[in-house]
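Take a look at the structure below.
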Amino acid sequence: CGRLFARLSQGEGTRSALIAGASVVLGTAGSITLVAGSVLDLTWIMVAVVLIGVSEAALMLLWLRFYSETSENYSGQSLGASAVIAALICFFAHHLTFEVSAAVLVALPVLSGVLLFTATRGIPLRKNDPLGAGVPDWKSARRPYAKVTVQLMVMALFFGAAQGCRSSRETLLSIADPIAILGAAVAGAVIFAMYARSRLLPNPTPAINAATLLFLGGMMLLPFPGGVTSLIASILIMTGFIFYFVLAVIFIIDLVRTFDLNLTLVLGVNQALEYAMFTAGILGGIALWSAYQDDDLFPFVLSYAAIFTLMIVTLFFATERTPWKADHYKPRSLEAVQEALTDEAPPEDAAPKPDIPAILCRRFCLTPREVEVFALLAKGRNAEFIQNALFISNHTVKTHIYNIYRKMGIHSLQELLDL
C-alpha cells in the first residue's frame, strides 16, 4: 500500500476513488471468504485475512490522507468516533447471532468506502501542491516523531506478548472479553469529547500521560490471576493502548500538516513498526508461554520487563520538551520573524519591551508555519505577499490564515491587528 500511495499527489481524486473502490471490493471479498470458510470449514482463512488486511491498510491510508488534506482538523473527532464504533461492534458481535455478525462483517468495507466518498465530496480540501505546503522540514519533526513511534512500539510489543501467553487451560490476558473490549470504546469517547468540546486544538499531554499510566497499571495487575483482577488488567491495558495509539496517529497527522511531511512515508513507517512489534510480541509470548507456563514467576518477569522498558523509553526522551504542544515548536528562524515584525532595531540603551507576538503565539498554540504567517499578517501583508515570501501556494496561505483566526477566535485581519 505504501508503494501504491508513494506517487499519489494530494487532492488527487480519480486515482484515490479507484483505489478506494478496489479496496472495498477486496475487503468485501475477504469478508465473504472468511464467513464461507468458517461455515464450510475451508482452508481459505489466510487468503481472507490477507484480502481484508490489504483492504484495511488502503482504506486507512486514504482516510488519513483525507485528514491531512482537509482545511479543518477532523482527525480527533473522527478517529475517536471510529474507536467507539469499532469497539461496540466487537462487543455486540459476542452477543449477536452468527448470521447478523456475518452480515455486519461483510458490510463494514462497503460502509467505510461510502463514508470516505461522502466525506471527500462534502468537505473542501486544502489543495496543496504535490509535495505539501512548502518545503518539508523533517529535521524539526524527527525527534518528536521518534519519541511517539518508539513508545508505541514498546507498548505494542508487550501488548502482543501478553496476548500470546494463552493455552487451552489458561490465558494470561483475557483481552477478548466483551467487557475488556469496552475499554477501547471508553478511550475513543474521551478523545472524541476532547476535540468536540474544545474551541481551540486541545493539548493532549494529559491524555497521553493518562494512557501511559493506564497501560502501566494494567501491566502491574497482569501477574495476579483471578476473575476481577484479570478483567481490570485487561480493561486498563486495552484502554491505555487504544488511547495512546489513536492519539499517536492524530499527532503524526499534525506533524504532517505542520512540517509538510509525506504522510504515506511517516505514517506508513510508524504503523509498519507498530504491527511488526505487535507480531513479534505475540510470537515471543507463544514461545515463552510454552516454555515457562508452569513457572509462577514468569508473569511477574513479563510485567516488570514491560514496566521497566516503558519507563526507560520515557526517561530517555525526558530531556526533550514534550512534542505534543504546538507552541514548543520553533520556526526555522526566529530572527527572521523578529525582523519581519520590526522596521528598525531598537536603540541599545532602550528598555527591553515585552515580546507581544511571541506571547500571543504561545498563548494560542500556533505552529511554526503559522508563526511565520502571523508575523507577516501583523505587518498588514496580504495573502499574495505571504505566498511569495514563504514560497507556498495560495490555498496553503489561506488555510494557515483560517487556522490562525480560528485559534485566536477572530474573523478578520483588523481584529488580529487590534489584538
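Taken over region 166-190, the criterion of being open to solvent by 30 Å² or more (accessible area, probe 1.4 Å) and of a type in the set (A, V, I, L, M) is satisfied by Ala176, Ile179, Leu182, Val186, Ala189, Val190. Taken over region 402-416, the criterion of being more than 25 Å from the chain's Cα centre (by Cα) and open to solvent by 80 Å² or more (accessible area, probe 1.4 Å) is satisfied by His411, Gln414. Cβ separations smaller than 9 Å between residues 6+ apart or across chains give the following pairs from region 362-375 residues that are under 17 Å from Lys139 (Cβ atoms) to residues that are in a helix (DSSP H, G or I) and among the polar types (S, T, N, Q): Thr367/Thr258; Thr367/Asn403; Pro368/Ser140; Pro368/Thr258; Arg369/Thr258; Arg369/Thr396. Number of residues in region 58-80 that are in a helix (DSSP H, G or I) and open to solvent by 30 Å² or more (accessible area, probe 1.4 Å) equals 5. Pairs are defined by a Cβ separation below 6 Å, a sequence spacing of at least 6 or placement on different chains, a first member in region 123-152 that is more than 11 Å from Phe259 (Cα to Cα), and a second member that is modelled with pLDDT of 80 or more and hydrophobic (A, V, I, L, M, F, W, C); the pairs so defined are Val148/Ala248; Val148/Phe251; Val150/Val313; Gln151/Val313; Leu152/Ala248.
Of all the numbered requirements in (1) modelled with pLDDT under 75; (2) open to solvent by 60 Å² or more (accessible area, probe 1.4 Å); (3) more than 21 Å from Lys139 (Cβ to Cβ); (4) not hydroxyl-bearing (Ser, Thr, Tyr), Arg321 misses one, and that requirement is (3). Just so you know, in region 355-379 the residues that are modelled with pLDDT of 80 or more and among the small types (Gly, Ala, Ser) include one that is least open to solvent (accessible area, probe 1.4 Å), and it is Ala375.
The set of residues from region 29-43 being open to solvent by less than 40 Å² (accessible area, probe 1.4 Å), among the β-branched types (Val, Ile, Thr) and either free of Cβ contacts under 8 Å to residues at least 40 places away in the same chain or in contact with a strand residue (DSSP E or B) (Cβ under 7 Å, 6 or more places away or on another chain) (or both) comprises just one member, Thr33. Tell me, yes or no, whether region 31-51 has at least one residue that is touching a helix residue (DSSP H, G or I) at 6+ places or on another chain (Cβ under 7 Å), modelled with pLDDT of 85 or more, of a type outside the set (A, V, I, L, M) and under 18 Å from Val106 (Cα atoms). Looking for residues that are touching a helix residue (DSSP H, G or I) at 6+ places or on another chain (Cβ under 7 Å), modelled with pLDDT of 85 or more, of a type outside the set (A, V, I, L, M) and under 18 Å from Val106 (Cα atoms), one finds at least one in region 31-51, hence yes.
Of all residues in region 86-109, those that are of a type in the set (A, V, I, L, M), in a helix (DSSP H, G or I) and without any contact (Cβ under 8 Å) to a residue 60 or more places away in the chain total 6.
Here is a yes/no grid of residues against (1) at pLDDT 80 or above; (2) at positive phi; (3) open to solvent by 80 Å² or more (accessible area, probe 1.4 Å):
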| position | (1), (2), (3) |
| --- | --- |
| Ile85 | yes, no, yes |
| Ile89 | yes, no, no |
| Phe92 | no, no, yes |
| Val100 | yes, no, no |
| Val106 | yes, no, no |
| Val110 | yes, no, no |
| Thr118 | no, no, yes |
| Gly122 | no, no, no |
| Arg126 | no, no, no |
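When Ile232, Ile282, Ile237, Ile307 are screened for being open to solvent by less than 10 Å² (accessible area, probe 1.4 Å) and either out of contact with any Cys (no Cβ under 9 Å at 6 or more places or on another chain) or of a type in the set (D, E, K, R) (or both), only Ile237 passes. For region 381-389, indicate whether the set of residues that are modelled with pLDDT under 80, more than 30 Å from the chain's Cα centre (by Cα) and part of a helix (DSSP H, G or I) is non-empty. So far as region 381-389 goes, yes, one or more of its residues are modelled with pLDDT under 80, more than 30 Å from the chain's Cα centre (by Cα) and part of a helix (DSSP H, G or I). Phe224 meets all of the listed conditions (1) open to solvent by 30 Å² or more (accessible area, probe 1.4 Å); (2) under 21 Å from Lys147 (Cα atoms) but one, namely (2).
Take the conditions (1) part of a helix (DSSP H, G or I); (2) at pLDDT 60 or above; (3) open to solvent by 40 Å² or more (accessible area, probe 1.4 Å); Thr399 misses just one of them, which is (3).
The values are calculated or read from the model by the stated rules, or taken from the named source; none is laboratory data. The shown structure was predicted, so the numbers you read here are calculated from the model rather than taken from an experiment. Cβ atoms come from the backbone with ideal geometry, glycine included; neighbour counts cover every protein chain shown. Ligands, DNA and RNA are excluded from the accessible area calculation, which covers all protein heavy atoms including side chains. Shrake-Rupley method; radii C 1.70, N 1.55, O 1.52, S 1.80 Å.
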